[in-house]
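Worksheet: one structure, shown below.
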Amino acid sequence: MPELEKELKKYYGYDTFRAGQREVIDTILNGRDVLAIMPTGSGKSVCYQLPALLLGGITIVVSPLISLMKDQVAALGEIGVRAAYINSSLTPNQTLLALKNASRGMYKIIYVAPERLETDSFRQFSHRADISLVAIDEAHCVSQWGHDFRRSYLNVSNYIATLPKRPVVAAFTATATERVRRDISDLLCLHDPKCVTTGYDRPNLYFGVDNPKDKFSYVLDFIRRRRGKSGIIYCSTRKQTDLLCDALRDRGIEACKYHAGLTDAERGKNQEDFVYDRATVIVATNAFGMGIDKSNVSFVIHYNMPLSVESYYQEAGRAGRDGANAECVLLYSKADIAVGKFMLDRSFDALKEEFPEEAEASLEVNRQKFDDAIKLFGSKSCLRARILDYFGEAYKNKTCGKCSVCLKKNTALTPNSVKLTVGALVKATGGRFGASMIASILSGEKNERIIERGFDKLYEFGSLRLSGKLKIRDMIDAMIAEGSLEVCGSQYPVLKLSPEFEKTLAAAGAVRTVAAAPLVPNTLKADVKTVEKLKCWRKKAADIAGVPPYIIMSDLTIDRIAVSRPRNIIELSRIDGMSDERIKRYGKNILSALAKD
Ligand code: ADP
Ligand code: ZN
């Protein structure tokens, strides 16, 4: 068994596996079929790409998303892996050339659209090739019970059956209903598959519901406060998409738009502007999103109530794929309910023409789903817990501390609970710190000293974020004045608990459950100028390579570099996200970008 972490670092630059990844990879390497159910953004690609690199022979990846294939192949190129794709965007000649190269063993990974599996040329190639793994992405497409049935997926098992040697088969999806799961296993003819599920939670996403009087000002302000961050704004109608996009552009925001009323060319261009960071915001209907893989989307705003929790979660899930903290905000007004009902009726009318009976049943279901969404997002209990509950998963905690409901509860911090929390941290850190450091930790400041020493891992880190650092300082001063804290220390002043307060604290008992840490969703506190320098370098590198900037390097890795300011290649290569190939290609340039004034 290879040391998988080493391989992960070597190829991708990541330090640790995400939930489920190692299990899937181990299973494939041991020769057993897998059915992996993992939410969007959880890192499914690594699960089949890494085995593809470690196994002998070729890996075939079946995917319905043609536009994604190009990006994936480019991303593999960036990590030094030769890959190709075969789909309807290639001319017959290009296809033949690709297959010829493939037969010569030029590619380790080949992406293919399901309808291409049936073609003679692909069959011939497959007969001669040494195929060790077939990975099926978006595997729910094989099921009529999934949300995106594609007939061509029914060919996949046929294709596999005709191969001279049966490869390992690994199926991936984010949809997890029992029915779909069974269909995937049966219709793809998986052999005793190991089922790996990671759960639906996306811990790095903040979920918020807000009810502003003026949605437009809210959104404008929201975007302006997040300079340089990419985001998607979902609207329920084309008209609103047009209006909002124009209004944002009038105010100087680099926005573009996407909906089914635009021409193919317009849609293609706008999507590309967004993916390549030429536009920071895309305003879109729900037609947008499938087939984009941009990892540095740091917020998704729903301008209206979505029609179902399923569609909400899929759309919101496009934020924060790189693992950085990201925000999902739903703006909700009473008027949305009428609009939603109108849209449901309209799709009912359209369907009724063709399939009258089906239409009745589906209207019923869709109305129920819309009602569920309204109820869920109007709820007064933890949104994350409610969402997971909706998908049949119990959330391990009562509250998450990272949704608008939990954060609001936390504003109700009483002076007494603040006092107890300060005391708990002073005690937990053994009287080593002064007032300033204590206040920094409690307010969740991510400065260099704090990160370096791992104080951001402390339980109390950020637990009084909502009070703000100044208020915490005031409270500490007040506690010193009343004698519950003492200032001592010979070299520099540190805080200690007074014996009386120590008793109070002990009597309070469960003080460590006070004020669960609400994480205000931002990324590391990196110096803005340094980040800009690095992004400027990244943009140039992306232009030269002809790929979107996030493929060169994720925003999170850029933040990490900016925070730790490596001075040489060794230090740079230790940063999470720096792979061997990235160091080789860009190491020097990154260091000189950092050194620039
Ligand atoms: P999915 O297909 O499940 O939606 P992707 O495979 O597109 O997710 O991965 C989402 C992002 O997470 C990508 O940018 C990928 O590089 C990144 N990623 C994957 N695995 C890891 C990991 N172990 N550590 C950090 N980032 C990861
Ligand atoms: Zn919550």
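Worth a mention:
- Restricting the stretch 390-402 to residues that are buried (at least 17 other Cβ atoms within 10 Å of the Cβ) and at negative phi leaves a set whose member that is farthest from ligand 1 (Cβ to nearest atom) is T399.
- Answer residue from the stretch 379-389, given it is open to solvent by 30 Å² or more (accessible area, probe 1.4 Å) and part of a loop (DSSP other than H, G, I, E, B) and is farthest from ligand 2 (Cβ to nearest atom) among those: K380
- Of all residues making up the stretch 316-335, the number that are open to solvent by 10 Å² or more (accessible area, probe 1.4 Å) and more than 16 Å from G577 (Cβ to Cβ): 6
- Residue in the stretch 447-457 that is in contact (Cβ under 8 Å) with a residue 60 or more places away in the chain, away from ligand 1 (no atom under 16 Å from the Cβ) and of a type in the set (D, E) present: yes
- Any hit, the stretch 223-230, residues being touching a residue at least 12 places away in the same chain (Cβ under 8 Å) and under 22 Å from K70 (Cα atoms): yes
- Restricting the stretch 290-303 to residues that are of a type in the set (G, A, S) and closer than 14 Å to D71 by Cβ, the residue that is farthest from ligand 2 (Cβ to nearest atom): G291
- Among (1) modelled with pLDDT under 90; (2) away from ligand 1 (no atom under 11 Å from the Cβ); (3) closer than 21 Å to A542 by Cβ; (4) not aliphatic (A, V, I, L, M), the one test that Y85 misses: (1)
- Taken together, the residues in the stretch 59-68 that are touching a Ser or Thr at 6+ places or on another chain (Cβ under 7 Å) and crowded, with 24+ Cβ neighbours inside 10 Å amount to 1.
- Of everything listed in (1) more than 16 Å from ligand 2 (Cβ to nearest atom); (2) in contact with a Phe, Trp or Tyr (Cβ under 6 Å, 6 or more places away or on another chain); (3) farther than 30 Å from F501 by Cα; (4) at pLDDT 85 or above, the single unmet condition for A359 is (4).
- Some residue of the stretch 2-10 being free of Cβ contacts under 8 Å to residues at least 24 places away in the same chain, in a helix (DSSP H, G or I) and away from ligand 1 (no atom under 11 Å from the Cβ): yes
- Which listed residue, of L376, L407, L420, L442, is open to solvent by less than 30 Å² (accessible area, probe 1.4 Å) and within 11 Å of ligand 2 (Cβ to nearest atom): L407
- For R449, the criteria (1) more than 20 Å from D474 (Cα to Cα); (2) under 25 Å from the mean Cα position of the chain (by Cα) hold in every case but one, which is (2).
- Checking the stretch 36-48 against the condition returns no match, with no residue being within 14 Å of ligand 1 (Cβ to nearest atom) and open to solvent by 50 Å² or more (accessible area, probe 1.4 Å).
- Test: residue in the stretch 270-285 that is in contact (Cβ under 8 Å) with a residue 40 or more places away in the chain, open to solvent by less than 20 Å² (accessible area, probe 1.4 Å), part of a helix (DSSP H, G or I) and closer than 30 Å to E138 by Cβ: yes
- Among the residues listed as M290, M305, the single one being surrounded by fewer than 21 Cβ atoms within 10 Å (Cβ to Cβ), touching a Leu at 6+ places or on another chain (Cβ under 8 Å) and not polar (S, T, N, Q): M290
- Checked against (1) out of contact with any helix residue (DSSP H, G or I) (no Cβ under 7 Å at 6 or more places or on another chain); (2) touching a residue at least 12 places away in the same chain (Cβ under 8 Å), K334 meets all criteria but (2).
- Every pair of residues 6+ apart whose Cβ atoms lie under 6 Å, when the first sits in the stretch 55-80 and is hydrophobic (A, V, I, L, M, F, W, C) while the second is open to solvent by 20 Å² or more (accessible area, probe 1.4 Å) and within 16 Å of ligand 2 (Cβ to nearest atom): none
- Taken over the stretch 212-259, the criterion of being farther than 15 Å from L331 by Cβ, modelled with pLDDT under 90 and surrounded by 15 or more Cβ atoms within 10 Å (Cβ to Cβ) is satisfied by R226 alone.
- Subset of the stretch 375-391 [touching a residue at least 60 places away in the same chain (Cβ under 8 Å) and farther than 11 Å from V209 by Cα]: R384, I387, L388, Y390, F391
- Within the stretch 167-185, at least one residue is closer than 23 Å to F125 by Cα, β-branched (V, I, T) and more than 22 Å from the chain's Cα centre (by Cα).
- Within the stretch 172-199, residues that are among the acidic types (D, E) have Cβ atoms under 7 Å from residues that are surrounded by fewer than 16 Cβ atoms within 10 Å (Cβ to Cβ) in these pairs: D183/W145, counting only partners at least 6 apart in sequence or on another chain.
- Considering the stretch 117-211, the qualifying strands (runs of 3 or more DSSP E), each wholly inside and each with 3 or more residues that are surrounded by 20 or more Cβ atoms within 10 Å (Cβ to Cβ), run over 131-136, 168-173, 205-210.
The values are calculated or read from the model by the stated rules, or taken from the named source; none is laboratory data. Bear in mind that the values here come from a model prediction, so they are computed numbers and not experimental data. FYI the Cβ positions are ideal-geometry reconstructions off the backbone, even for glycines, and counts take in every protein chain you see. SASA here: full protein model, heavy atoms, side chains in, ligands and nucleic acids out. Shrake-Rupley method; radii C 1.70, N 1.55, O 1.52, S 1.80 Å.
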